[in-house]
Amino acid sequence: MKKNYFSRLAATIFLLAACQTAPPSLTTPQSEPPASKIKASNTSQEGVQSKESSKSNAEPPLAKPVESTAPKATTAVVKSQNNDLIVKYSQAFQSHQKEIVQNTRTLASSMPSNMGPAPTATPMIAPSASPSGSPETVPSSSPSTELTLLLTAFKTILEVDQKVLAELSSMSVPEEFKSLNQKLQEGLQREVKLYQAISQEFEANKITSISDLNNIMENYYKSLGITLEQYQKLSMEFVDTQFEVIRLGKKAKAQLENTSAPMTEEEYAKLLNSVWAPLSLAITGKSDLSVKSTFSPNIKDLQSFQTMKSAAQTLIERLGKQTPPSQYEELHYTLLVLAENTVPFSEQMQKSFADTTLLASNPTELLKKMFSDSELFYTFYMMGMDVQQITKETLVNQINSLVTQAKDFEMKQIFEAPVFEGKVTATAQSTGFNLAWTSAPAATTSIAIYRNEPEKIFKSVIRLATLEKASKTYLDEGGLVTGKSYQYTVCFLDTKGNILAAGLSDMSKF
């Protein structure tokens, strides 16, 4: 399957149906806005907000978070109460977020053509170019149909935005959460005003073309005293705010359930390295995600989804009950959110695409299927947003640093481990290498699989998977390059993760 179909899909979701992310200007040539369109009466955002607040249909000023009047309690009790409030707030927001994303799939029942490349503000899921260098196109509809779909989606989002504003503004939040709550409500207010403007003009029959819609949106940006590019930046920052609400909700829930002491950096590095590479390989076909990675799922067949799901479940099981070192909290809970969204995405893909022929040879029908299933649509969107967060420079650097530490420790262990008395084989196949080994040592509780490129002298060692002790085979299909030589190490581990024995396969060319 071509990756650009998935990139195209992700870009369409993110730019037109992204949860509370204002859509960019469409790529229809622009015309001068008619006099009947919204006019910019003030170049400052404060002035516009002051003027709009006097209108009958304007949103009320942001509500101040409800202050708690409960008697003062101990630090531990207060922390528990605050975490409970954050969990409830995050869950309420996510419920509305899902409603918005699922409703906006009406946009894609007949997908617009000539949408053009995604703006630079969204590097995570910008559309890939086709071999000719032009953006990949998808089945198109008439301009009037496209317009109706867009406006219907805007009105739907407006209704849900107003509902979530009312609910979130009435919820109590702890002191440390107030700034984030304020940012979230400000972003929702911006969108409410834009979608109100679009709806009013549409109901007055003043929008008859995509160009008219573009003019409405451009005039709204001008009324805030900002450019389209600046508004797109605000929108991307708003996506970050939304994810932060989800991540902090996950952290608060974990702190309510977990009482374990924080791990040391060395312990955390070893644990992270054991689960991160398999998940990254399963999702993208690469052992690591770089900054500004594009979300293009590594899909070859239905087994790919099962591998993805298994890797995500392993990460959840091994990281979920641990307390990370304080400097890695953002990374830790971002990874858990990614893994927890990977599981339903994999399940939905397996459920929706039992026909492997559809997956491999008919990407156009594949896109239509994804857009027709609200649950699949939502899980794909969430995966894209999660990858955008995990590929931020600070988190990528943290992952690389931790993995390097863990690899140094693991390589020392592997070199010093007793030699496996049995045999390890690696047989090249059309899709990868099939590994096999004889019975594991008696005290084995799990088996770790490593891949390396011999010419790099172990510098590229990757931990591919951690298997059950009874396992005797493993198929490696991720990130292999034709013509390169590979070698595999199978390590047999005890309950503490120590290597009982290590077996090395012969070097084989793929």
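The values are calculated or read from the model by the stated rules, or taken from the named source; none is laboratory data. Just so it is clear, the model here is predicted, and its values are computed rather than measured. Glycine also receives a Cβ, built like all others from the backbone with ideal geometry; neighbour counts cover every protein chain displayed. Keep in mind that these areas ignore ligands, DNA and RNA; they rest on the heavy atoms of the full protein, side chains included. Shrake-Rupley method; radii C 1.70, N 1.55, O 1.52, S 1.80 Å.
One table, with the values for the structure above:
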item	result
Qualifying residue in the stretch 245-254 (condition: outside any helix (DSSP H, G or I), at pLDDT 85 or above and charged (D, E, K, R))	no
Flag if residue 392 is more than 22 Å from residue 476 (Cα to Cα), charged (D, E, K, R) and modelled with pLDDT of 85 or more	yes
Residue in the stretch 353-369 that is at pLDDT 80 or above and charged (D, E, K, R) present	no
Matching residues in the stretch 375-402 - criterion: being under 18 Å from residue 462 (Cα atoms) and open to solvent by less than 20 Å² (accessible area, probe 1.4 Å)	396, 399, 402
Qualifying positions in the stretch 425-455 - part of a strand (DSSP E or B) and crowded, with 19+ Cβ neighbours inside 10 Å	426, 433, 435, 437, 447, 448, 449, 450, 451, 452
Subset of the stretch 408-424 (residues that are open to solvent by less than 70 Å² (accessible area, probe 1.4 Å) and out of contact with any strand residue (DSSP E or B) (no Cβ under 8 Å at 6 or more places or on another chain))	409, 411
Residue match in the stretch 250-271 (condition: open to solvent by 20 Å² or more (accessible area, probe 1.4 Å), in contact with a Phe, Trp or Tyr (Cβ under 6 Å, 6 or more places away or on another chain) and under 21 Å from residue 392 (Cα atoms))	yes
Residue tally, condition modelled with pLDDT under 85, open to solvent by 40 Å² or more (accessible area, probe 1.4 Å) and touching a Ser or Thr at 6+ places or on another chain (Cβ under 7 Å), over the stretch 158-214	1
Subset of the stretch 139-157 [of a type in the set (S, T, N, Q) and modelled with pLDDT under 70]	140, 141, 142, 144, 145
Qualifying position, being touching a Cys at 6+ places or on another chain (Cβ under 7 Å) and open to solvent by less than 60 Å² (accessible area, probe 1.4 Å), among 465, 502	502
Counted residues, the stretch 163-178 - those being more than 23 Å from residue 193 (Cβ to Cβ) and not polar (S, T, N, Q)	5
Complete set of residues in the stretch 255-289 that are farther than 30 Å from residue 82 by Cβ, aliphatic (A, V, I, L, M) and not in a helix (DSSP H, G or I)	289
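Here is a yes/no grid of residues against (1) charged (D, E, K, R); (2) modelled with pLDDT of 85 or more; (3) touching a Pro at 6+ places or on another chain (Cβ under 7 Å); (4) over 20 Å from residue 268 (Cα atoms):
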{"position": "402", "(1), (2), (3), (4)": "no, yes, no, no"}
{"position": "419", "(1), (2), (3), (4)": "no, yes, no, yes"}
{"position": "423", "(1), (2), (3), (4)": "yes, yes, no, yes"}
{"position": "449", "(1), (2), (3), (4)": "no, yes, no, no"}
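To keep it simple, each residue is scored yes or no on (1) closer than 19 Å to residue 270 by Cβ; (2) among the polar types (S, T, N, Q); (3) in contact with a Leu (Cβ under 8 Å, 6 or more places away or on another chain).
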| residue | (1), (2), (3) |
| --- | --- |
| 465 | yes, no, no |
| 475 | no, no, yes |
| 479 | no, no, yes |
| 486 | no, no, yes |
| 490 | yes, no, yes |
| 494 | yes, no, yes |
| 503 | no, no, no |
| 506 | no, no, no |
